[in-house]
Amino acid sequence: MSILNPLRLAAAASLLALTTGLASAQNPDLTKNPENTGRAPTATEATKKDDNLKEWQVAKSAKTSLAQAIATAEGKGEEKGGRAIDADFEKADGKNPAHYAIKVVYPSGKLVEYGINADTNELYKTENQPIERYFTRLKPADFQTAKVSLKDAIALAEQKLPGGKAYEAEVEREGKAVEYEIKVALMDREQEIKIGPDGVVKND
């Protein structure tokens, strides 16, 4: 028995090595074949796989969260103190990857839209926007004095809907302060959450 056990162990080890070698030969580089890696597709891959998916369905595959993308956008630009006032998830198309279009207003009143890749969190485009279109009721100072930022509102909305992923957010005027509307992607639907200027979640 003392002789057979080592022999059996050696045979089992050889068989395992042979099986592993065959598997590697059949698929030598799994990173080039995402379908066989077991990982979830990126947002851009999800769009290419099924263009009929709605934005909230694709947004669930984004590797970058909306809050992370906003932080990246607010950190760009030469002027300091920028605050995001609008953020939309957009599916990939022939020219653009899946991305967040985030509008940031600066203390001077300048408004810039940043395109942030939804899978890499990298800036890939910048575009100045006409501020008059967005400030018929809101003023840049409203965002600087707000007790709750857009990022704070997103966190509150996702806490309200555990397992949900915010993918769209905008700011509106409520009385003399700002109010936030956050759209959250859930497992089988999307839901909108309103956050007041004091950080309180409002009833629908």
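I want to check the label-to-label distance for residue 54 and residue 160. Put each point 7 Å from Cα in the C-beta direction and report it in nm to one decimal.
Taking the simple label geometry, residue 54 and residue 160 are separated by 1.8 nm.
Past 28 Å, Cα to Cα, is the threshold; run 76/183; 151/202; 151/176; 49/76; 49/202 against it and keep the listed order.
49/76; 49/202
Residue 45 to residue 152: extension gain in nm, 0.36 nm per residue of separation minus the Cα-Cα distance? Working shown, then result.
Values: separation 107, 0.36 × 107 = 38.52 nm, distance 2.95 nm.
Extra length available between residue 45 and residue 152 comes to 35.6 nm.
Mind ordering 112-119, 162-169 by average Cβ neighbours within 10 Å, highest first? Numbers along the way, then the final one.
Working: 112-119: 22.2, 162-169: 20.4.
Sorting 112-119, 162-169 by mean packing, highest first, produces 112-119, 162-169.
Read the figures in this text as sums done on the coordinates, not as results from a lab. None of these values were measured; they are calculated from a predicted model. Every residue, glycine among them, receives a Cβ derived from its backbone with ideal geometry; neighbour counts consider all protein chains shown.
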